[in-house]
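A.B. asks: Structure in structure tokens, see below.
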Amino acid sequence: MTTRTTIFALSSAPGRAAVAVFRVSGPDAGGVLDALVSPRPKPRTAAFRRVRAPGETEPFDEALVLWLPGPKTETGEDMAELQLHGGRAVAEAATSALIAAGAVPARPGAFARRAFEAGKLDLTQAEAIADLVDAETEGQRRQAMRQMQGGLGATYDRWRAALLDVIARVEVVIDFPDEGDVADAAGRGLATETVALLDRLAAEMDAHVADARRGERVRDGFQVAILGAPNVGKSSLLNRLARRDAAIVADAPGTTRDVIEVHLGLAGQLVVLADTAGLAEAGRSPGDAIEAEGVRRALARAETADLRLGVVDAGRPETASALAGRLRGGDLVLINKTDSAAPAAAESMIHKQAQGFHVEPPIEVLAGSAATGAGLESLEAALAARVAALAGTAEAPPLTRARHRLAVERAREALARARPRLGDAAELAAEDLRLAARALGEITGRVDVEEILDRVFAGFCIGK
Ligand SMILES: Nc1nc2c(ncn2[C@@H]2O[C@H](COP(=O)(O)OP(=O)(O)O)[C@@H](O)[C@H]2O)c(=O)[nH]1
Ligand SMILES: [Mg+2]
């Protein structure tokens, strides 16, 4: 084993600020601290000290200093913390002094990785720390906080422990094939209890992945696509909701050709609102190849979005036909331009659409004006209500990353393969069960897979 280095990082945001927090972790954290301040403060007691570079007499700053001897620290190692003044020159002087004292700059995620390696947290908790730092909405913060407290990791660990238990039972059958009594007893046990246990596990996994991606949506944002015929005011609406000119608005149809996204906070959740190219009304085809590509992208986006916001021009009721068959239950429609035309004709047109509107839950139709802003408060409220419903209030900690989803799905597939083999191909079944346990172990980091660790911790910021 290589000897561990002592690392340091500026853990607060760089730049001008009231305070700059430097953290040091590693076997020589105490020595590094002694090289900069004297005397070393009492453990876990903040002390005021002048801070010098090693060998210098002139202090470069004054700081609140903490000495945190391991193993009861975040990383499990000896740690020190210096709360200096937050100037750039101070941060540079501190960086040089710490390097002169023998500490090395930490790579992104190095502190969290040491905490993981010391068994202070599992991988899902480490990921939750990164999510908490990145959280922009209340929903993201709440979810990250829950995951950080270990609920999600505990679920995967429980499943894995149950699997290891099943594997142990299956192996009894494999190891004592000729010892009739043992094998028969174990075999009978397998046929009832074990199979029931596996089925329960499989059902739990199914419920966990069939969560409509709630957790991932909260973390990555709810995708809302604006769609409708050309010139109905889709880009104007996006700009209104974003409260800035993100998309070009023009009289000429076909102005918006690529998908334009803005981020909104609604109902405490992140919403990624996308403006798209206008869809041809029934019976018309797009003008050129670029417009056709724009329409293709618009339809693809609408297809994968969590929610579609259809727009119809009150003065051109026929624009409703562009939405036919493209909306799903729970979607919203805005009859736009009510400042220049009454919505009644467009509304009856919308209800006449043959397909796509007779769905459950029903599509909500609102009227308003992207030009004046009339009616858009109700639209925002309706959007917020939909997003809140999609975010739900799951009691069980939700799956939050594609990494977890893929691993659970792999485990689930291995279980499905194992089940029919339990009776007469126990060795193959055991192998599949081991694969399943391993997939679950990868989520929490219970198996030592260096490349997974590198991938997870590379997404962290320095000083975490
Ligand atoms: N009177 C009126 N005009 C609007 C309204 N919304 C958009 N427009 C106009 O309709 C035209 C097309 O708007 P745009 O947002 O580019 O539509 P898009 O093609 O659907 O993205 C522009 O001239 C807008 O100024 C509205 O609520 N009322
Ligand atoms: Mg547009």
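A.B. asks: By how many degrees, between 0 and 90 and to the nearest 10, does the Cα long axis of helix 180-189 differ from the longest principal axis of the chain?
C.D. replies: Tilt of helix 180-189: around 40 degrees.
A.B. asks: Using a Förster radius of 51 Å, what is the FRET efficiency between Leu299 and Ala13 based on their Cβ-Cβ separation? Nearest 0.05, please.
C.D. replies: 0.75
A.B. asks: So how strong a dipole does region 85-137 carry about its Cα centre when Lys and Arg Cβ are +1 and Asp and Glu Cβ are -1, to the nearest 20 debye?
C.D. replies: In total the dipole reaches around 320 debye.
A.B. asks: Related question: Taking the 0 to 90 degree range and rounding to the nearest ten, how far is the long axis of helix 289-304 tilted relative to the main principal axis of the chain, both from C-alpha atoms?
C.D. replies: Between helix and principal axis, roughly 60 degrees.
A.B. asks: At R0 = 25 Å, how high is the FRET efficiency between Glu413 and Glu171 if r is their beta carbon distance? Nearest 0.05 is fine.
C.D. replies: 0.70
A.B. asks: Then there's this: Only Lys, Arg, Asp and Glu count, each charged at its Cβ (+1, +1, -1, -1), so figure out the dipole size of the chain about its Cα centre, rounded to 20 debye.
C.D. replies: For the chain, the charge dipole is close to 1160 debye.
A.B. asks: Working from Cα positions, state the angle (0 to 90°, nearest 10) between the long axis of helix 88-100 and the longest principal axis of the chain.
C.D. replies: 40 degrees
A.B. asks: May I pose another question? For Lys337, give me every one of the lysines with a C-alpha distance below 26 angstrom, ignoring sequence neighbours fewer than eight places off in its own chain.
C.D. replies: Lys234, Lys352
A.B. asks: One quarter of the convex hull surface, Cα atoms only: what value does that give for the chain in nm²?
C.D. replies: Projected over every direction and averaged, the Cα hull of the chain covers 30.5 nm².
A.B. asks: I've got another one for you. Hand me the trypsin sites (Lys or Arg not before Pro) from region 200-243 located in a DSSP loop with no more than 15 other Cβ atoms within 10 Å, in residue order please.
C.D. replies: Arg243
A.B. asks: Separate question: Mind checking the dipole of region 271-353: about its Cα centre, +1 per Lys or Arg Cβ, -1 per Asp or Glu Cβ, Debye to the nearest 20?
C.D. replies: Dipole magnitude for region 271-353 comes out near 180 debye.
A.B. asks: Related question: Pick out, from Ala277, Ala252, Ala118, the residue whose Cα sits farthest towards the positive end of the charge dipole of the chain, with +1 on the Cβ of Lys and Arg and -1 on the Cβ of Asp and Glu.
C.D. replies: The Cα lying farthest towards the positive end belongs to Ala252.
A.B. asks: Considering Cα pairs under 8 angstrom that are at least six residues apart, work out the relative contact order of region 24-155 and quote it in whole percent.
C.D. replies: 20 percent
A.B. asks: Express in whole angstrom the spacing between the alpha-carbon centres of region 38-55 and region 224-253.
C.D. replies: Region 38-55 and region 224-253 have Cα centres separated by 59 Å.
A.B. asks: Taking only C-alpha pairs under 8 Å that are 6+ residues apart, what is the relative contact order of the chain in percent?
C.D. replies: 16 percent
A.B. asks: Here is a further query. How far apart, in nanometres, would the label points at Ala342 and Asp220 be if each is projected 7 angstrom from Cα along the Cα-to-Cβ direction?
C.D. replies: Spacing of the two 7 Å Cα→Cβ label points: 4.6 nm.
Computed from the coordinates by the stated procedures, all read-outs in this text should not be read as laboratory data. Keep in mind it's a predicted model, so treat the numbers as computed, not measured. Cβ: placed from backbone, ideal geometry, glycine included. Neighbour counts: every protein chain shown.
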